Each structure stands twice: as structure tokens, then as C-alpha cells.
Amino acid sequence: MRWVIRLAGVVLGLVALFLVALVLVPRERVAQLAAEQFEASTGRALTISGEVRPSVWPRLGVRTGPVTIANAPWSDEGPMLEAAALEIGLDTVALMTGAWRISRIALEAPVIRLERSPEGQANWDLAPPAAAPAGKGEATPAPSAGGGLSRFALDEGVIHGGRVVWRDGRSGASADITALEAQVSLPEPGGPADLTVAGQANGRAFAAEGTVQEGASFLSGRVVPLRLSLVSGDARVAFDGQLGTAPAMAEGRIDAALGDLADLMALVGQPRPDLPQGLGREEVGIAGRFTLADGGTIHLREGQVSLDGNRLAVEADLTPGEARPRLEANLRAEALDLSRTGGSGEEGAGPAGAADSPQGWSKRKIDASALGELDARIALAAGSIDLGRIRLGATKAIVSLDRGRAVADLREAAAYGGSLAGQVVVNARNGLSLGADLALKGLATEPLLADLAGFDRLATRGDVTLKLLGSGTSAEALARSLSGEGSVAFGKGEMRGLDLAGMVRTLDAGYVGEGKKTIFDRLTASFSIENGVLRNEDLVLAAPLLRATGAGRLEIGARTVDYRFLPRLLPREDGTGGVSVPVLVTGPWAKPSYRLDMEALVRQPVEREMKQRLEEEAAERLGVVLGEGESLEDAAKRRAREALEDEAGRALNRLLGGD
């Protein structure tokens, strides 16, 4: 029991010591000590008003009434800080040795005004009063980093229920942080400071924590090592590097998952940018080496950017501009899915060009306002690009964006088994317009037409040139406004769903549908487009025993066809002669109807021409020449008789001893 008695004695002794200290602590002296120490460290007056009361629990110290901290001399916004109450905690170990050391300061419901003057001065740049000039022969002390704060230490600083009002006299920017809960620890003068902060900015809750390696230097605006993480809703940002505030500068590694930017932009009091789907509408992530340079330029190196599932390696520079920022970037991606880029963002919205039904284009509005958010020049290299209606393979392109007008210069692009080169322009300066000047070489038509128009009836390979211009705020409006020109030159292939040779041979329009096809060796055509209507007058199709020409129109907006083929069966080498039966193709291009042009058919003697052509073919094979009015049968008999007479004459000649 002896050790219990000793322990109880020690405890009672400590309690007695605390009670004595409490009685002996001069409350006004503690408040005065805090005010003097603060002013000596910062050069700002700390005013304590109201009653000063002693405090025992949870630590020894005093509580005061309202307090204020003076603002910078150039500010007219009132005190830099005013609080309902101040708690000052003393270091009890130091107190028992006769020393006075403040270990804790807690502010109740403070209002903190942070501001930057139009000249760039910051009111939080605290410095002690200038020292008196040194006497003759005495050295003038060099100012230390962080001013008087380099001599300031605090085990714990607390803000409860606070508010921070930020004003920037240069840019006009402002912010208001409420419900502020903060805790900071600066145990060594000029050493590292740990802090945790939570509150609401512009109605959005946030929480942050970090470590500043040189707390006093950081408060004076100097660049110091810093680690910081911030969370607000779906937005999470982590930074590990160096940061300074006068002027704003940073360099280090950043790792940010920003969600759809709604929480982050609301936190800083800015509207959420209306980004296209596929380019950050739903999810934005950034990681890499980040630099914020003097002048407000932002640089990203070794960057990895995620935009709605698209992953890109990025080297980028963003500079402020008078009207809008400018971006210079190199982007690399394995695969880019931009199939929803023109979507409205509404639930269920698909590709901008997707038809609301198989018979029509989409009427959903295409929102291209994001093109006006910045100017840019971007070099892009991608393994593949899905544009919704069109899919590209390995692609290299330069994309320029100037005042809402985007130009994609395709330097190299694999497309549908061939290559694509040219330029695509999207102009959103006044409404929305689309232009293209493209050359496709060696492309496969079947997958291209299936993607572009849901049409898979032409299977061949060849070259296409195309110039297009259209305007409108929906896919339907664009399709109905198209104008331009182009040409096609295809090699061997087949036209599915239509047997032209069978139609001509049997005079039966039923040679259509599944399993029917026209095989050809060559197909060429040129066309013009006006008001969404494509017209062609010079189609030529060459096939074994068949040659066809064609003319007609395709209503691109209405997705219908009205076309007339003129096939010739068994034509001569120059394409003339043979049997000709016109074929009409009409109706929706996804499911057209085929019929023979009976009116034209009646006007030509098909049977006589076919018989004549067959007789000519047979005579050529028999080696006979038809005489005037002579039938093929008579000519064949005559040819046989002449051959027999010739053979008999040669035999008689040999018998008589002739040569």
C-alpha cells in the first residue's frame, strides 16, 4: 500500500500546484502577453476586449471576450480578423519552471478577411515593425524568411464556426467560406505546420488536410514544400510539391479525380463548363507533373488524363488570354470513344447522328457551345477513334480551335481498310456548320456505308473524294442542308439484293431480295449535292456479259432513293448493242423497291433485238456471214455445203495426181 500512498501524494501535489498556479496566474497579464507576442511577430495590433476569465480544463489558460486583429494599412474592409471569443492555453510544464509560453490559441466564430490589393499586396503578408537602425559599427540584422512569424511557434491553433471572406482587387474574384473548422500545429519556430480544414464554400462542403514544411515562409507568400489533399463531393485532389502565394506559383505531382466538375466548380464559385460527352461531361481525372508559373500559365508533363473513360497521355500548356485561355497540347491514346460527343447529355441520349427511327435522322439538338470555351492547337495520335457514325483506325491529326471554330487536319488516318486524308471543320461561331474535304483511298464500302447510313448492299473497294458543307443544330438539319460534290471509283465487287442480269434475261422484276446480287468488275460515278439531295448522271457499271449506266437522286435528308439503271446484256466491246431493260430503284434506301421500266420496255423490240444478237453471236462462232435476207439456218446449210464441196474438190485433185 506504500506505493499507492505515494502515488496519491503525487497527484494531490500536482492538483495543489495547478490550483496555486491558477490563483497566481495574472489573467490580464496572459492576455497582454498574447497581444504583445502577436504584434511583435506580425506587426499587427491584437485587441482583446471584454472580461478575461481563467480556464482550468481541458488546459490551463484564459478565455477572453471579443478580439480583433488589425488589417493592412491599405485596406478599408475593416479588421483582418474579428472573433466572438479567444481562448489562450499555457504550456504547464514551462509554467512550473517559471516560464510563460502560449501553447494553444482557439478562436470562436471568427470572421477572417483575406484580400489582395489591385497592386498585388496581400493583407496576410505579416511582418514585424522595422527594427531601429543599427548604431555605428553595428550590423543590421537581415530579415528572416517569414518576417516575425519565423520566431512564432504554436502547439495548437483552432478555429471553430468561422468564416473567411476572400477578395481579389486585381481579378475581381471573390469567395466566401462558412462553417469553418480548422486546426493547425506549428511546434517549431519557422518549422513545418500541419493543418486540417473543413467548411463550406459557395454552398459546397469541403475538407482539406496537409503539411507545410515552412509555415512562416508560406504565410509570407514564399514558395515552400507542401503536401495537400482536398475533398469536395465527388472531387478529390492531392498535391505533393512546392507552393507559393505571392505570386501564386506551384510545382509538383498532382492526382485529381474531379467527377463531372460540378462540385469543384461550385466550390470556387464558377459555372460548370458544358463539356461534350466523351470529353469530360461525366468524369474528369488528371495526374502528372503540374506547374503553375508566374503569370498564371499552367503546364502538365507526364500527364495522364481521363475523360469519360477515354485515357490520354498528355503534354500540355494552358495560358490565360484576354477573351479565353489558349491550350497547346500533344495527346496520345490507344483508343478514343467520341461516339457521344454531340449528345445533349440527357438520359438516354445516343450519338448525335443516330436516327430516332430507321427512317429518319436525329432531331436532338447538337450542343457545340464548348468549342467557345478556349482556343487550342492540339496534336493527336490515336490507335483508333470512334466518331459514332464513322470509325477510324490509327490516326494522326492536328486540331485547331479558334473562337468556336474547330479544324481537324487529318495527316494520317486508317479507315475501313484504306486511308483517309483531308480536313473537317466544325464552326459554332454563329449557329453550327460542318464542312469536309476528304479523300479516301482503298476503302471497303460495306462497313463504311453500314456505319454511315445503315446500308450494306454495296460490297467493293476503291477510292472516294468528297467535299461537303452543311449547317443546322441537329443531325436532321445538317443532312437536309448538305451541299457539295464528289466521285467514286471502285474495282471488283457486288451489289446485293439485285440481279440486273437476271432481270434483263427473264424480263422479271422479281430478281431482288436475299441471295440476289450483281457482280461487277468496275463501278465509277461522280455526283453533286444541293440542299441535301445527291444527284448523279454518269454511273457506269461493267460486268461479265453486262454493262449498265445509271442516273438519279438520293434524298439524304429524307433517306430515300429514286434511281434508274440501264443495264445492257451481251453488249459489244464499245458498250453498244445488246439487250437493254431499264430498272427503277425507289423508296427508302434501307429497303428500296425494284421494278422494270415497262414503258421504256414496250418502246423497244426486245425479242427481235435479243434474237438478232444471239444470231450474230452464233454466226460469229460458226464462222459464217449472213447474206441479205438469209436466215442463220440457211447460212449454216450454205456454209456446210461449201465446206463439203471444197473437201470433195481436194480429194478429186489428189486422186488425179494433183498437188
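What to note about this one:
- Looking at Glu494, Glu476, Glu514, just one residue is farther than 24 Å from Leu566 by Cα, touching a residue at least 12 places away in the same chain (Cβ under 8 Å) and acidic (Asp, Glu), and that residue is Glu476.
- Set Lys516, Lys492: member being surrounded by 17 or more Cβ atoms within 10 Å (Cβ to Cβ) and either part of a strand (DSSP E or B) or among the polar types (S, T, N, Q) (or both): Lys516
- Selection of strands (runs of 3 or more DSSP E) fully inside segment 324-434 by the criterion of at least 1 residues being under 30 Å from Thr560 (Cα atoms) and at pLDDT below 95 returns 405-415, 418-427.
- Residue match in segment 150-158 (condition: at pLDDT below 80 and among the polar types (S, T, N, Q)): yes
- Cross-chain or 6+ apart pairs with Cβ under 7 Å, segment 217-237 first and closer than 17 Å to Leu292 by Cβ, then in a loop (DSSP other than H, G, I, E, B): Gly221/Asp125; Gly221/Ala246; Arg222/Ala145; Val224/Gln213; Val224/Glu214; Pro225/Gln213; Leu226/Gln213
- Members of segment 370-401 found to be among the charged types (D, E, K, R), surrounded by 16 or more Cβ atoms within 10 Å (Cβ to Cβ) and farther than 25 Å from Gly442 by Cβ, listed by number: Asp375
- Per-region count, segment 189-205, residues surrounded by 15 or more Cβ atoms within 10 Å (Cβ to Cβ) and of a type in the set (Val, Ile, Thr): 1
- Checked against the criteria, Ala475 counts as within 18 Å of Trp589 (Cβ to Cβ), buried (at least 19 other Cβ atoms within 10 Å of the Cβ), small (Gly, Ala, Ser) and in contact with a Ser or Thr (Cβ under 6 Å, 6 or more places away or on another chain).
- When residues in segment 519-532 are screened for being surrounded by fewer than 18 Cβ atoms within 10 Å (Cβ to Cβ) and either in contact (Cβ under 8 Å) with a residue 40 or more places away in the chain or within 30 Å of Ser474 (Cα to Cα) (or both), 4 of them pass.
- Glu28 among the charged types (D, E, K, R), modelled with pLDDT under 75 and farther than 29 Å from Gly190 by Cβ: yes
- Gly497 being among the small types (Gly, Ala, Ser), part of a strand (DSSP E or B) and either assigned by TED's automatic domain parsing to the domain that holds Arg547 or at pLDDT 80 or above (or both): yes
- Condition broken by Glu412, with the remaining ones in (1) touching a residue at least 40 places away in the same chain (Cβ under 8 Å); (2) surrounded by fewer than 16 Cβ atoms within 10 Å (Cβ to Cβ) satisfied: (1)
The values are calculated or read from the model by the stated rules, or taken from the named source; none is laboratory data. All of these numbers come straight from a predicted model, not from anything done at the bench. Cβ coordinates were reconstructed from backbone atoms using ideal geometry, including for glycine residues, and neighbour counts include every protein chain displayed.
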